Every structure is written in C-alpha cells, then in structure tokens.
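Shown next, in structure tokens, is the structure this report addresses.
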Ligand code: DAH
C-alpha cells in the first residue's frame, strides 16, 4: 500500500494536460469514484491496525495534493482562454473619459467676470507666504488667534514662512508695488489647520477684491456688493450688511444675501432666517495703507473677501465640502451644463 501511494504521488507530480478535456480525463483517472485514489481509499480497511495511522495520513495527503494540482492546472486554462486569434485588432478603443471644468473653477470665473465688468483686473500671489504679507502688514496684533499654530500651517523651523490663510495677502503684495488707483480681484487657494469634515477642509478657495483711490467711500462698497449679489444670484436678490470685525478693515461688515432657495421666506437652508452670509468686507484700515506705502491721508479704499466653496454651495447645494477635492468624475459631470 505504501509503495502504491508513493508511485501515485510521483505520477501526479508529473501530470500535464494540454487542454481542459485532458485534464478532466486525469481527474477521472485519479479522483472519480472509480479512480485510483478512491480505490486505495477502499482498500484502506484492509491495512493492518498498527499501519493505519501512517497510511491514512499519506493517503489523505495524496488526495489533497492531487486535488490541488488539478485545480491549479484548471485555473491556468481559465486564465489563458484568449489566443491571439480571439483579439479583434480592428475594434475601436474604449473612449478615454474626458474631464469637465471643476465647479470651483466655474464659479471662480463667474465671480471674476462680474468684477471685471466693474473694471477689476486679476492679481495673484504666492501660496507659501511670510508673516508680513499674511498678518503683520494687515494689522493683525502680535497675539491675534489666527497666528496660532492651531489655525495656520507654518513651515517647520521657520515660523516666518507659512501657507497663506487668506487671499488678503495679495492686497499687500499689490499695494507694495503699485500706487492707486488699484482695482484688483485675487482668486486663489488658501490653507488652514482644520480637521477635515463635510463642512471644513484644510484647504479651500477665496476671492479677494480691493479698490483704492481718492475719495472711495462705504457707499461705493455697498454699490459694488449689491451689483455683485444681483449678478451672481439673480436680480431679485437683496443684501444686508451687519457690523463685524477684521483687523485690516475699519469699519468692517459681513454681508448676507436673501436666501436664494426660499427667496427670503425662511427654510431649513437659511435656518428660517431668510438670510445667508456670504462675505466679509470693509474700508481698508489706514494702518494697512501706510504699512504698504500708500498715503492714507490722500487715499482710501474698500476690500472684500469670500469663500468660493461657499458661493458654489449656495448655487449648487453641495452638502459635503470634501466632494470638491475628491475628483470623482460622477460628481464633476453634473456641472457640465454650467461649462
Ligand atoms: N480675509 C478674510 C477671511 O479670510 C475675509 C475678508 C474679510 C477679506 C473682510 C476682506 C475683508 O478683504 O474686507 O476670513
């Protein structure tokens, strides 16, 4: 019996099959009810009691090995089903999925286009900035919480270099190199040390606007804001200004628009107030003008800043901010018609 098992084992180790039919024949030869291994299993009861243990385990091993070998050969056939003749070289290729413009880009362009009609031109600045352009020149006090490690990404070993937390830094860059009249709009990406969730991300996009000239007043700001809100959200849109605080503007305000979902009647989106906040604004603080080499006794100006994600949400009701950075083509395609 032991010899027989050994011989069969060697035989099985060397089996080869050219195709599935041959393999099936081998399976029948060894493993079917009348196969050679099954025959040995039947003879097992005649094995002497003291040999049963050894023979039994060798027999089981042989059976498992054979089954494994046949399965492996079978898989080999399944994976090489296609021969060269099966490949149709004339068939057209799968189309490459084309991307679409990103909703943030679409809305960014829309905002810039509206301000362009008021004479604003685009200005850009670096995302890796220094403390002066992001904070100090803009009148942030030494101990202002925005400078805190909790809010700002600093470059390791050099707290003077950081990722800009707002596009207001571009104001300083432009004012340092140009004299009024200045009329710029600054779109760009900004970074904050936020835990990522459906309502916050560690990077997002802002648009900043700045107008400096002689005799610029709060009335000019209000006029520009109303024009923007109506162009962006529809002519029936109303605006409301609430007093606020920013280090770089005095006075400062936040602007709400009448809720564009319920038209101001009150709904869950506007928390039944009829209003939604969309931007911060104000008259440029004279300290900021002086910091940047512009004479605050001669010139005045207004500034405003808004988050592009927020405006995009108001237009398209995207509930989860993370979708903007996941590049899921199914999400992006929904904005095709807005292109
Ligand atoms: N920089 C502000 C922020 O990131 C937004 C802002 C508010 C910009 C008021 C302005 C402004 O120009 O006047 O939250």
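No value in this document is a laboratory result; all are computed from the given coordinates. Keep in mind it's a predicted model, so treat the numbers as computed, not measured. Cβ atoms come from the backbone with ideal geometry, glycine included; neighbour counts cover every protein chain shown.
Taking 0.36 nm per residue of separation and subtracting the Cα-Cα distance, what length does fully extending residue 21 through residue 150 add? Could the numbers behind the result be given before it?
Working: separation 129, 0.36 × 129 = 46.44 nm, distance 6.94 nm.
Once the chain is fully extended between residue 21 and residue 150, it gains 39.5 nm.
Calculate, in nm to one decimal, what residue 267 and residue 105 gain on full extension: separation in residues at 0.36 nm each, minus their alpha carbon distance.
On the way: separation 162, 0.36 × 162 = 58.32 nm, distance 2.83 nm.
Extending this stretch completely gives an extra 55.5 nm.
Run the simple label-point estimate for residue 50 and residue 328 please: 7 Å along Cα→C-beta, distance reported in nm.
With each label placed 7 Å out from Cα toward Cβ, I get 7.2 nm.
By count of other Cβ within 10 Å, fewest leading, how are 275, 132 ordered? Could the numbers behind the result be given before it?
Numbers: 275 18, 132 14.
The most exposed by this proxy come first: 132, 275.
Quick one: if you stick a label point 7 Å off each Cα along the C-beta vector at residue 213 and residue 29, how many nm between them?
Taking the simple label geometry, residue 213 and residue 29 are separated by 9.7 nm.
Given the options 57, 300, 92, state which has the largest fluctuation in a GNM of the chain using a 10 Å cut-off (strictly under) for Cα springs.
Sorting by GNM fluctuation, first place goes to 57.
Compute the semi-axes of the equivalent ellipsoid of region 132-257, taking the square root of 5 times each eigenvalue of the Cα gyration tensor, and list them largest first in whole Å.
On the way: eigenvalues 149, 79, 37 Å².
Semi-axis lengths for region 132-257 are 27, 20, 14 Å.
For region 180-234, max minus min Cα coordinate along each principal axis, in Å, sorted largest first?
Cα spread of region 180-234 along its principal axes, largest to smallest: 43, 30, 15 Å.
Percent of alpha carbon pairs in region 187-324 separated by more than 27 Å? Intermediate results must be reported in sequence, preceding the final value.
On the way: 2562 of 9453 pairs.
Roughly 27 percent, rounded to a whole number.
Only Cα pairs under 8 Å and at least 6 apart count here; give the relative contact order of region 103-338 as a rounded whole percent. Working shown, then result.
Details: 444 pairs, mean separation 50.3, N = 236.
The normalised contact order for region 103-338 reaches 21 percent.
Hey, in the GNM for the chain with a 10 angstrom Cα cutoff, which one of 61, 110, 277 fluctuates hardest?
61
What's the whole-number percent of alpha carbon pairs in region 2-86 lying beyond 18 angstrom? Present the calculation step by step, with values, prior to reporting the outcome.
Numbers: 1679 of 3570 pairs.
Result: 47 percent of Cα pairs exceed 18 Å.
Once both axes come from the Cα atoms, what is the angle between helix 218-233 and the longest principal axis of the chain, in degrees from 0 to 90, rounded to 10?
30
Would you mind giving the average projected area, over all directions, of the Cα convex hull of region 257-299 in nm² with one decimal?
On the way: hull surface 17.3 nm².
Seen from a random direction, the Cα hull of region 257-299 projects 4.3 nm² on average.
I'd like the orientation of helix 2-13 relative to the chain: the angle between its Cα long axis and the longest Cα principal axis, in ° from 0 to 90, rounded to 10.
Value to nearest ten degrees: 40.
Which three extents, in angstrom, do the Cα atoms of the chain have along their principal axes, listed largest first?
Cα extents, longest axis first: 113, 49, 44 Å.
Where the centroid of each part is defined by its Cα atoms, how far is region 144-183 from region 243-257 in Å?
Comparing the Cα centres of region 144-183 and region 243-257, I get a distance of 19 Å.
For 299, 211, 198, which order do you get if you count the other beta carbons within 10 Å of each Cβ and list the fewest first? Provide the component values of the computation, followed by the final result.
Numbers: 299 20, 211 24, 198 11.
Ordered from fewest to most neighbouring Cβ atoms within 10 Å, 299, 211, 198 come out as 198, 299, 211.
Output the relative contact order of region 243-312, whole-number percent, from Cα pairs under 8 angstrom with separation of 6+ residues.
29
Given springs between every Cα pair under 10 Å in a Gaussian network model of the chain, which of 219, 18, 200 has the largest fluctuation?
Between 219, 18, 200, it is 18 that shows the largest mean-square fluctuation.
From the helices alone, meaning DSSP H stretches of at least four residues, give me the mean residue ellipticity at 222 nm for the chain, per-run term -39500 (n - 2.57), in deg cm²/dmol to the nearest 500. Don't skip to the end; give the middle numbers.
On the way: 11 runs with 126 residues, N = 339.
Helix-only estimate at 222 nm: -11500 deg cm²/dmol.
For the chain, give the share of DSSP beta bridges that are antiparallel, in percent and rounded to the nearest 5; count only bridges with both residues there.
Working: 44 of 46 bridges.
Percentage antiparallel, nearest 5: 95.
Taking neighbour Cβ counts within 10 Å as the exposure measure, how do 326, 127, 50 sort from fewest upward? Mind showing how you got there, number by number?
Details: 326 10, 127 14, 50 7.
So the residues, fewest neighbours to most, are 50, 326, 127.
Measure nothing fancy, just the Cα-based angle from helix 49-79's long axis to the longest principal axis of the chain, in degrees from 0 to 90, nearest 10.
50
What percent does the relative contact order of region 2-86 come to when contacts are Cα pairs within less than 8 Å and at least six residues apart? Intermediate results must be reported in sequence, preceding the final value.
Numbers: 38 pairs, mean separation 30.5, N = 85.
It rounds to 36 percent for region 2-86.
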